[in-house]
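A short write-up of the structure that comes next.
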Amino acid sequence: MVTKLFLRPNSLPLITFPPKLLFPKPKFLTISLFCFTTQTQTQTQIHYGPSLHKGTKPSQSQSQPQQQQQQQQEQDDVIIFDEKSFTRVFELAALRVPAKDCFALESRLRGHLLNWPRIRNIARVPGDEVDPDLLNLLGEEEEEENIVSLERRIHGKAEGDGDVLSPVLYRDKLAREFNARGFVKFRNLAKISRPKKKKKMEERSEGNKGIGRNEISLVEVVEEGEEDLKGLLGDEFKGKRKKWSGSTRLLLLDERYAARNVEELPEAIKVVLKEDMRESTKSTFELVRCKLTLFYDYWQMNEILEALLPKGIIVPSAFETVGHIAHLNLREEHLPYKNLIAKVVLDKNQPKMQTVVNKIDAIHNDYRTMQLEVLAGNHSLVTTVVENGMRFHVDLATVYWNSRLATERQRLLSGFTHSDVVCDVFSGVGPIAISAAKIVKRVYANDLNPYAVEYLERNCVFNKLEKKIKVFNMDGRRFIQAIFESDKAKSITQVVMNLPKDAAEYLDAFRGIFRDRPKNGDFTFPMIHVYGFSKAQDPEFDFHERIRIALSEMVVDVEVRRVRLVAPGKWMLCASFILPESVAFAGTRLDM
Ligand SMILES: C[S@@+](CC[C@H](N)C(=O)[O-])C[C@H]1O[C@@H](n2cnc3c(N)ncnc32)[C@H](O)[C@@H]1O
């Protein structure tokens, strides 16, 4: 008995033919247990999963997405490197199954299916979709009958009118009437065309993507002997089944089975094939060979950079983010490749990241703003950051922002209560002041940088907290003196001094702030949180000493915490203590 397993030229019946004949060795790279050959791998190294070192580069004839990618690149002004050189082709085997069965089979065969990151093991290939309406029309009858029936409908003829129709006429009509997607457009079948909504969505997403930009992979069935059909129906129909028996899907098999014939496949797959044969007279499953092409967009940032940068150079693997801006801190050795690095960072992190910048100098100025060079993307350094559920507008060209301090700010805020009144001496655009305003009774926020104050005011309004925050634009020392001279002084419970470079040196401003007030008055001695850096062996002791010197007083109860290591051997610290009475009343008439 001849098996009725439905097969393509490259697919394998289960029993009928000798295995070696059934699955001829492919012409391109064989992925087998012992052979993942490319430029650098040796035969003894067997790595599972995709890699730029595995797979083959595509032949000269480019596939469509690559051509599109090239067109896109040509539109760009500067071509920094050729994205096409990252295209890799992998040979795989797949089970072609009816679409309706694919999910059940996927869970049955899970351990034997391809398990590569970001690659679905169920694939569609062009032409595997048969419109259900058209399928109904064709029915389960023999193909020839269906075609005659279809042909009659095309020509508007009645069934059984005895008229013999020319096959040439039919093929010609078919070729003219199929649209680019393979849908029949002719009169009687007009209703079969896709619903408008879906069409629109497709057009929109294509427009957004740019030409082939988001294409990460492509699965193609390797087929032979269908040239005549292809010539007639175009490339869209490459891989279309000879028997039109409904929509199909490819279940991509694990890479280990790429070059195996049916006999060599694991029992679980063979059982599935056998069951299918038993169940229906017309077998619906088939084993096919396919090519999986992974494009530039598939590979991760570090894989691309590793391939592009000279050997021995540390691959930059991280960057800070401020809203849509990716902020690099490139080393000297990276500078000749800065544009290339930036392009990869941008490509791999779009659309979240729109701009890539590099810090070109250490921060020297009073306003703690960074000198940044835009390396890729749009040139706007104005962005919006979300932190603690608040939104902050920031212009990195004119104000300070450090996303790395988010956790520290969160910790600080967690100590505030609704009865607190906060005084933020170096507030910047307001990440502490504005977030605090959500919790506490009142906030007084100050910064010397007029741009920071402008953004601070904007952010107060933006977060609808302008009624709880009073903004000042003055030097920190002057601000401390002014606010504690005013009648606001007695309500202030928390003071934040986040200028680690030299905030401790501003502590002397607290000496004698209550000197003109009666000692037995109604006072609150605020809790002061002051930030600083230390390179000392014992950073806590060192910072405590500096606080003591600035206050000219022994402050006993200081809690010093390490916030983060900002450079090798350099700690950022936070010291919290209650302003000592002796400091607040220093220099009063009674003391003198
Ligand atoms: C390290 S930033 C901290 C900003 C904010 N607290 C944050 O966490 O983003 C220090 C801020 O102090 C401001 N600043 C520098 N010198 C100052 C001074 N003498 N008086 C007041 N503000 C000053 C800078 O403009 C900057 O915005």
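Criterion first (over 30 Å from Thr524 (Cα atoms) and touching a Phe, Trp or Tyr at 6+ places or on another chain (Cβ under 8 Å)) does Val429 satisfy it?
Working: over 30 Å from Thr524 (Cα atoms): no; touching a Phe, Trp or Tyr at 6+ places or on another chain (Cβ under 8 Å): yes.
When the stated conditions are applied, Val429 does not pass them.
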Picked from the range 271-312 (must be of a type in the set (Val, Ile, Thr) and either in the same structural domain as Leu52 (by TED's automatic domain parsing) or under 30 Å from Val394 (Cα atoms) (or both)), the residue surrounded by the most Cβ atoms within 10 Å (Cβ to Cβ) is Val288
Hey, does the range 448-460 have a residue that's at negative phi, more than 11 Å from the ligand (Cβ to nearest atom) and among the hydroxyl-bearing types (Ser, Thr, Tyr)?
no
List the number of the failed condition for Ile360; all other conditions in (1) outside the structural domain of Val344 (by TED's automatic domain parsing); (2) under 28 Å from the mean Cα position of the chain (by Cα) hold.
(1)
Return yes when Ala307 is at pLDDT below 95 and in a helix (DSSP H, G or I) and no when it is not.
yes
If Arg477 satisfies every condition in (1) part of a helix (DSSP H, G or I); (2) surrounded by 20 or more Cβ atoms within 10 Å (Cβ to Cβ); (3) touching a helix residue (DSSP H, G or I) at 6+ places or on another chain (Cβ under 9 Å) but one, which is the exception?
(2)
Tell me the residue from Val345, Val399, Val356 that is free of Cβ contacts under 8 Å to residues at least 60 places away in the same chain, crowded, with 21+ Cβ neighbours inside 10 Å and either within 16 Å of the ligand (Cβ to nearest atom) or under 28 Å from Ile492 (Cα atoms) (or both), please.
Val399
Of the candidates Ile492, Ile469, Ile480, the one satisfying the condition of being within 12 Å of the ligand (Cβ to nearest atom) and not hydroxyl-bearing (Ser, Thr, Tyr) is Ile480
Flagged in the range 389-404 as assigned to a loop (DSSP other than H, G, I, E, B) and either of a type in the set (Ser, Thr, Tyr) or at positive phi (or both), in numbering order, are Gly389, Thr398, Tyr400
Have a look at Thr417, Thr384, Thr407 and point out the one that is in a strand (DSSP E or B), surrounded by fewer than 17 Cβ atoms within 10 Å (Cβ to Cβ) and either without any contact (Cβ under 8 Å) to a residue 24 or more places away in the chain or away from the ligand (no atom under 13 Å from the Cβ) (or both).
Thr384
Residues being surrounded by 21 or more Cβ atoms within 10 Å (Cβ to Cβ), touching an Asp or Glu at 6+ places or on another chain (Cβ under 9 Å) and part of a helix (DSSP H, G or I) - total across the range 247-270:
2
Can you tell me which residues in the range 420-447 are near the ligand (Cβ under 9 Å from one of its atoms) and either at pLDDT below 95 or in a helix (DSSP H, G or I) (or both)?
Pro431, Ile432, Ala433
Only one of Ala326, Ala307 is closer than 26 Å to Pro117 by Cβ and without any contact (Cβ under 8 Å) to a residue 60 or more places away in the chain. Can you tell me which?
Ala326
When both residues are 6+ apart or on different chains and their Cβ atoms are under 8 Å apart, which pairs have a first residue that lies in the range 536-553 and is in the same structural domain as Ile578 (by TED's automatic domain parsing), and a second that is loosely packed, with under 15 Cβ neighbours inside 10 Å and in a helix (DSSP H, G or I)?
Glu553/Ser582
Looking at Leu412, is it within 16 Å of the ligand (Cβ to nearest atom), assigned by TED's automatic domain parsing to the domain that holds Thr493 and in contact with a strand residue (DSSP E or B) (Cβ under 7 Å, 6 or more places away or on another chain)?
yes
If I go through the range 59-101 residue by residue, how many of them are under 17 Å from Arg120 (Cβ atoms), modelled with pLDDT under 90 and in contact with a Lys or Arg (Cβ under 7 Å, 6 or more places away or on another chain)?
2
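The values are calculated or read from the model by the stated rules, or taken from the named source; none is laboratory data. Bear in mind that the values here come from a model prediction, so they are computed numbers and not experimental data. Note that we place each Cβ from the backbone using ideal geometry, even for glycine, and neighbour counts take in every protein chain shown.
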